[in-house]
1. Along each of its three principal axes, how wide is the spread of alpha-carbon positions in the range 136-212, in whole angstrom units, largest first?
2. Quick one: what does P(r) look like for the range 46-107 with 10 Å bins over all Cα pairs, in whole %?
3. Within the range 196-248, report the GluC sites (Glu not before Pro) that DSSP leaves as loop and that have at most 11 other Cβ atoms within 10 Å.
4. Where the only charges are on Cβ atoms (+1 Lys, Arg; -1 Asp, Glu), what is the dipole of the range 150-249 about its Cα centre, to the nearest 20 debye?
5. With a 1.4 Å probe and all protein chains left in place, how much accessible area per residue does the range 163-241 have, in Å²?
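The values are calculated or read from the model by the stated rules, or taken from the named source; none is laboratory data. The structure presented is a predicted model; accordingly, all values stated were derived computationally and were not measured. Please note: Cβ atoms are built from the backbone with ideal geometry, for glycine as well, and neighbour counts cover all protein chains shown. Side chains are part of the model used for accessible areas, which takes the heavy atoms of the whole protein and leaves out ligands, DNA and RNA. Shrake-Rupley method; radii C 1.70, N 1.55, O 1.52, S 1.80 Å.
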Amino acid sequence: MKGLICSLLMVFLFSIAAQAQPASAGKQNASDKAEPTADASAAALVTAKATLAAHGGDKLKGIKSLVLKGSVDLTAMGQSFPGAFSTAFSGEKYFFEINSVVQSLKQVYNGQQTYSSIQGFSLPPFTSLGFAVLSKIGDTGYKVTALGESAKKKKGFRVTTPEGFYTDFFVDEKTGRIKGYESSYDVEGKIVTTSVEIEGFQTVDGVTVPTKYSQRFDLNTLTAYANFNTKTVLVNSTIEDSAFALPGK
């Protein structure tokens, strides 16, 4: 049980982050395999560009570093596990750490090597899922299309990465910001489906990021929920290389 909860906590953090290494391709929903029409995709691209602008536009695309700190409450199998998280990203380097009643976790990438406190556990690339994908709109290899049949009545768009991962973004018509997103992907041979509902944002140095949101994960036999409350957001702050040193090196 502990190992499963720890793995879920790691997945939650990776869904909001920014840089990483290659992984297996995402899973397309069976009902969404039909290629959207050219007109629908063109309209989706217009929506995607407007949504990018609502979150900072060029400032989001040009972000150099990001620090996020706050609390997370995970609920699985009727049990609740409170914890605190801290993440930092600078270029391709990153670290994150969780302190919880279950176990303390840490993962670091120094630009060449990765250290994880859970041996043999890999996750999808940071740039391939969730909020971070917004900054890739307009980049080569990142395809913007209309939402699939299962979400065609919602305003939004799908972004598919060069590796095949996808995220469906749903847009608030009043603010132009994302109000949620969904995706499915493979983690250690298991298909994980996740959905996020965003409740709050914070704008720092012209970049608007989700800071309060709820997230649901379905792993076939297990459904888990997490509530995130980010209390500190630092954009383009100076981060020393020592912050990304691998433990024991």
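1. Largest first, the range 136-212 extends 37, 27, 27 Å along its Cα principal axes.
2. 19, 31, 28, 21, 2
3. Listed in order of number, the matching sites are GLU240.
4. Approximately 440 debye in magnitude.
5. 48
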